[in-house]
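One structure is given below, represented as structure tokens, and several questions about it will come after.
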Amino acid sequence: MSSDIKVVRPLGILDSICGNQLRRDVGDLLESKQVNILVDCQEVEFMDSSGLSCLIMTLKNVRASGGDLALSKINGQVRLLLELTAMDNIFKVYDSIEEFSQSIFTLN
Amino acid sequence: MITLTSKPPSLDTSNRKLSVFPGNSRSFLKRRTMLFRYFAEINLLLGFWYLQWRVCNSLNYDALWLAVPLLLAEIYSYIGGVLFTLGMWRPIERQTKPLEEMSPALPATDWPTLDAFITCYNESATMVETTARAALAIDYPVTKLIVYILDDGNSQQMREMAQRLCIEDLQSPLLRAAAEQIQTERQELIDRLDMLQQLMPDTYAAEKFLATAISHNQTESLSTRFLQNFHQLLLLKEQKYATVEAQVQAEQERLKQAILHKQIELSGLARCRYIARPKPAGKPHHAKAGNINHAIFAGETTGEFIITLDADHIPKPQFLKHVLPYFVTYNSWNGKYESNRIALVQTPQDFSNLPPGDPYGHQAHLFYGPIQQGKDGLNSAFYTGTNAVLRREAIVNTGLKYFAQAYAQDEKSLDEFDLIGGVSSSSITEDMNTAMRLHAAGWQSIYHNELLAIGLAPDDLSSTLQQRLRWAQGTIQVMTQENPLTKPGLSFWQRLQYFQTMYSYFSGFAMVVFLICPIIFFFTGTVPVTAYGNDFVRHFLPAFIFNRVTFLIIGWGIPARELWRSEQYALSLFPLFIQAVWSVISKRSIHFKVTPKERQSGVYFNLIKPQLIIFGFTILGMSWSLGLFILGQLTDPFVYLVNASWSIYNLSLLWSVIGAATWKPESTK
């Protein structure tokens, strides 16, 4: 079933260290099956470009296995970073898990 | 006041005694810049005067087919000279204090983390080992520097070498001490966590007890009141949490994170790591840019700064401590050092394996000296791929923007994000393009004129020519893809600097004209200039002499022999420059015969055929005309004299490649 959504919640500062951890964690989730990932950024205080690039790497892996990845509850700093790097075209941002699953449902 | 007393050549600012100055770095106009400007202005005026005379008074209308190309070549050269002069207008010298001497002091715990990327392709493992050892020996806290061998050749030998080196490094006293330190810190954290966990049940129980007591209004007893006070005090300290339980749990989480962090630090002590990216057949690999980007995005590298080293460039221990201070600025409002907008610091390249006389013209004190200092003065110091420190945030941030563009055009580019998302991969000179993108994104660069790494230069003509061809092709490629004159974000001076470099690679066409004109005269008597008499000398000689003098002032301190060598190569590589322009414009890749790595003892005449043909015809022409002169059939000996001197000048410039083609090391003679 393609609407299987897993939520990951990175904490604090999303930099290269934390981002690599996130990439590994999601990699473990992808091990066997197709999964959709929602990155809940509620607890993310700050994200730098390296953290963002780790998110793209994660997106790449998730897409490769047929799933999709979206963000939710991003703060102002993260939004600004996404806009400045024009990444807001690449990442979809949803308010809730329901909204994400709705969009996957309509896509399918 | 400028004095003309000659001083011993000093290209190395570290030689100069560091005088005391406030702050951590300072820059000032390079010495003798005023003298240079004075001569350069006169030179340009005289050049203009000569050119207008050429256009108005000396164009041979009877031989326009020759006169016009020569005039165009002369105008091209003049514009090149103007651009070069403008680019050199404000060369600066810099002085910095090393990291540990900075004032106010930057505590060692706040020093940034660093990744050293040693990029290799098919170099020998022994060569890379020397470089990796030197990189590990860089004077910097061992917990903050990791050396990565980025092996694009994926060789077993290299992998084994890296592992061996890693273990060896771990056994060094410095590393052992560091490991012990981290272990102790980790143990302290674990002990704290244990204690916290022991306290947890009773704390929870107490809080629960208090809650029931309050709800039943049983707070009269002394002990309950004390407990209540204590509880409130705890909550007052951390107002974020509603209960002590939440507080304790957050603390537990924090400790667990910190322990994990120490564990990562411990594993980070394996300081010599090997990365060989997968290179699936049929997919673009994006060469060196792809290699570096893979390490940045998929290689689990985390350093705040990246030092890029070619496989054979051996860094000196003081490299980082001398370069890193540029990347922070002291904020006197909050008393802290903060990141600034410096994206990269480039240091010079020099070579340890140059044969006497440098037959291939590798020495580049002119570029890694006045030229880079001139660029630095206009905030456009170039990145040249090795011996530089880059700010990861700048590379990734800028790379992401360009990736977003690529993604907007084709969503499939996501598949190769790890190869294209950082350093520019769209041209074969990834370094120049990357710097230009950084500049356009508002980042700054610095040229630090101190030799901090020494490398090996190609030691045969074939690989030398191949390297030059790649530079020329790549530069022109960047120009066609991202024209600096129209690229948004660049300042006027940055546009000028990049354009000047690209412009200079079109010189091949002008050079051909300069080489062929005298030959045509010798055999046909046709001249592109109507007046080769006194008038010509009067207009040409002053411009020529001032040009030479200005050049000498620019290259002050650089051996005249090296200046001459660089001039020789600027002319004699004309077929290569033409080839480069043609290949980019026709979008056809050049097939260049790759020769084995070991130097071949043969003579490389096949690589310089065009130069040999021109050389031969020039000599033939001179002798032919000389013969006519002896027979008394030469109509105008003065014109012959001018053309003969011109030819001799050409021949002496061309001689460099012929010498290089026949050059053999002493031992094999």
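Bear in mind these aren't lab numbers, they're just calculated from the coordinates by the rules spelled out. Keep in mind it's a predicted model, so treat the numbers as computed, not measured. FYI the Cβ positions are ideal-geometry reconstructions off the backbone, even for glycines, and counts take in every protein chain you see.
Show me B:623-629, B:473-479 ranked by packing, highest mean number of other Cβ atoms within 10 Å first.
On the way: B:623-629: 14.7, B:473-479: 22.1.
Peptide ranking by packing, descending: B:473-479, B:623-629.
Pulled fully out, how much extra length does the chain show between B:S332 and B:D194, if you take 0.36 nm times their separation in residues and subtract their Cα-Cα distance?
Values: separation 138, 0.36 × 138 = 49.68 nm, distance 4.18 nm.
Taking B:S332 through B:D194 to full extension adds about 45.5 nm, to one decimal.
Give me the extension gain from B:E251 to B:E238: residue separation times 0.36 nm, minus the current Cα-Cα distance, reported in nm with one decimal. Provide the component values of the computation, followed by the final result.
Numbers: separation 13, 0.36 × 13 = 4.68 nm, distance 1.10 nm.
Gain on stretching B:E251 to B:E238: 3.6 nm.
Cα convex hull of the protein assembly as shown: how many Å³ per residue? Intermediate results must be reported in sequence, preceding the final value.
On the way: hull volume 168.0 nm³, N = 777.
Per residue, the Cα convex hull of the protein assembly as shown comes to 216 Å³.
With the calculation restricted to Cα positions, what are the radius of gyration and Dmax of region B:180-267 in angstrom?
According to the Cα coordinates of region B:180-267, Rg and Dmax are 16.8, 55 Å.
So what J values fall out for region B:565-578 if you push phi through Karplus, 6.51 cos²θ - 1.76 cosθ + 1.60 with θ = phi - 60°, rounded to Hz, Gly and Pro as x?
Once θ is set to phi - 60°, the couplings for region B:565-578 become 4, 5, 5, 4, 5, 4, 8, 6, 8, 3, x, 5, 5, 5 Hz.
Continuing with this model, one more query. Tell me, in nm to one decimal, what length is gained between B:A206 and B:L260 on full extension, where the rule is 0.36 nm per residue of separation less the Cα-Cα distance?
Details: separation 54, 0.36 × 54 = 19.44 nm, distance 3.03 nm.
Separation in residues times 0.36 nm, less the Cα-Cα distance, equals 16.4 nm.
With label points built 7 Å along Cα→Cβ from the Cα atoms of B:V20 and B:A270, find their separation and express it in nm.
Here the answer is 5.0 nm between the modelled labels.
Sticking with this one: Under the definition of partner shielding as Cβ atoms of other protein chains within 10 Å of a residue Cβ, what is the mean value for peptide B:328-336?
Numbers: counts 0, 0, 0, 0, 0, 0, 0, 0, 0.
If you average over the peptide's residues, the count of other-chain Cβ atoms is 0.
Could you give the spread of the C-alpha atoms of region B:265-312 along their three principal axes, from largest to smallest, in whole angstroms?
39, 21, 20
Something else: Would region A:5-107 count as rounded, prolate or oblate if I go by the C-alpha gyration tensor, calling it rounded below 1.5 in a/c and otherwise prolate when a/b exceeds b/c, oblate otherwise?
Numbers: a/c = 1.62, a/b = 1.22, b/c = 1.33.
Judged from the Cα gyration tensor, region A:5-107 comes out oblate (a/c at least 1.5, b/c at or above a/b).
What whole-number value in cubic angstrom gives the convex hull volume per residue for the C-alpha atoms of chain B? If you can, show how the numbers build up before the last one.
On the way: hull volume 147.5 nm³, N = 669.
Hull volume normalised by residue count: 221 Å³.
Something else about it: For region B:245-347, how big is Rg over Rh, using alpha carbon atoms and the Kirkwood form of Rh? Working shown, then result.
Details: Rg = 19.4 Å, Rh = 18.0 Å.
With Rg and the Kirkwood Rh in hand, the quotient comes to 1.08.
So what's the gap between the Cα centers of region B:246-277 and region B:91-163, to the nearest angstrom?
Answer, in whole Å: 22.
Could you state the per residue volume, in Å³, of the convex hull enclosing the Cα atoms of region B:120-249? Can you show the working numbers first?
On the way: hull volume 23.4 nm³, N = 130.
For region B:120-249, the hull spanned by Cα atoms encloses 180 Å³ per residue.
Measure off 7 Å from each Cα along the Cα-to-Cβ vector at B:R176 and B:A137, then give the distance between these two points in nanometres to one decimal.
Roughly 2.0 nm, to one decimal.
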